[in-house]
Amino acid sequence: MTTVPGLFAAGETAGGNPNKFVGGCGAEGRLAARGALEYLKKITMPALDSAQVGKEKERVFAPLVRGPEFDGVTDIEMEERLQRLMDEYAGGIHSFYRLNEERLVVALKNIKVLRDQVKYLYAKNLHNLMNVHEVIDRLDVAEMAVHHLMYRKETRWPGWQTRMDYPEKDPKLDCFVESTRDPKTGEVKMFTRPYEQLIPGDRTKQ
Ligand SMILES: Cc1cc2nc3c(=O)[nH]c(=O)nc-3n(C[C@H](O)[C@H](O)[C@H](O)COP(=O)(O)OP(=O)(O)OC[C@H]3O[C@@H](n4cnc5c(N)ncnc54)[C@H](O)[C@@H]3O)c2cc1C
């Protein structure tokens, strides 16, 4: 279970690390499912807030309501812009998977520009509406990824996360870096949690 009571996560959604891979994600999926089943036995579901459901429906269907004739931005156009900016400024193949502060600042600035264009996204049908929401979700993922890459002013995992401006490991960052984002203001707060060793032994050796 995450720190949000009742919200279970596994795999990539439970926080990434460069050595997670498919097997680890599958194992976490089983653990999360077992945890969720146990949790379900102890709770009673709250009453449905129909006003909240109505508001959410409005948000979800807005790109479809704008309709196929709307002179706006398609999901593919936004997806391509996002991919290009993350590739060039947030450690993609164009920079040989290397990062620095200056580029990350540009990435954040450009993600903000794309966020301002979300109101111009439109969907042609229900399937396309799903595509639109996927790209909106990816803006969140991209923004948070950049914040986390900025926070780690060190190189902990060369090849996966190589900071050209901070090529060494910082012992103070031998911890989990976490974040919250205020949905109303968009303000991101970064914080750390200490690493907890569950299995004895030297974890730096495989
Ligand atoms: C380029 C690359 C190469 C890799 N190579 C390897 C490798 O060789 N070996 C290895 O073990 N691992 C590899 N990995 C890592 C591995 O692929 C991931 O760790 C693993 O797939 C993550 O599994 P997951 O189930 O957590 O997430 P995902 O596999 O990302 O699954 C999440 C699913 O949720 C769906 N989804 C998202 N939003 C919604 C929504 N709102 N509603 C419904 N569905 C939604 C997505 O479409 C997706 O199908 C690689 C990763 C990448 C990116």
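The values are calculated or read from the model by the stated rules, or taken from the named source; none is laboratory data. Quick caveat: nothing in here was measured; it's all calculated off a predicted structure. Here the Cβ positions follow ideal geometry from the backbone for every residue, glycine too, while neighbour counts run over all protein chains shown.
Of the residues that make up the range 59-80, is at least one under 30 Å from Glu154 (Cβ atoms), within 16 Å of the ligand (Cβ to nearest atom) and surrounded by 10 or more Cβ atoms within 10 Å (Cβ to Cβ)?
no
Assuming Asp49 fulfils every condition listed in (1) within 11 Å of the ligand (Cβ to nearest atom); (2) over 22 Å from Arg138 (Cα atoms) apart from one, which condition is it?
(1) is the only condition that Asp49 fails.
Any idea which residue in the range 1-46 is nearest to the ligand (Cβ to nearest atom), counting only those that are surrounded by 13 or more Cβ atoms within 10 Å (Cβ to Cβ), assigned to a loop (DSSP other than H, G, I, E, B) and modelled with pLDDT of 90 or more?
Ala10
Given the conditions (1) crowded, with 19+ Cβ neighbours inside 10 Å; (2) in contact with a His (Cβ under 6 Å, 6 or more places away or on another chain), which single one is not true for Ala123?
So the condition that Ala123 fails would be (2).
Filter the range 166-186 down to the residues that are within 22 Å of Thr13 (Cβ to Cβ) and among the acidic types (Asp, Glu), then identify the one that is surrounded by the most Cβ atoms within 10 Å (Cβ to Cβ).
Only one residue fits best here, namely Glu178.
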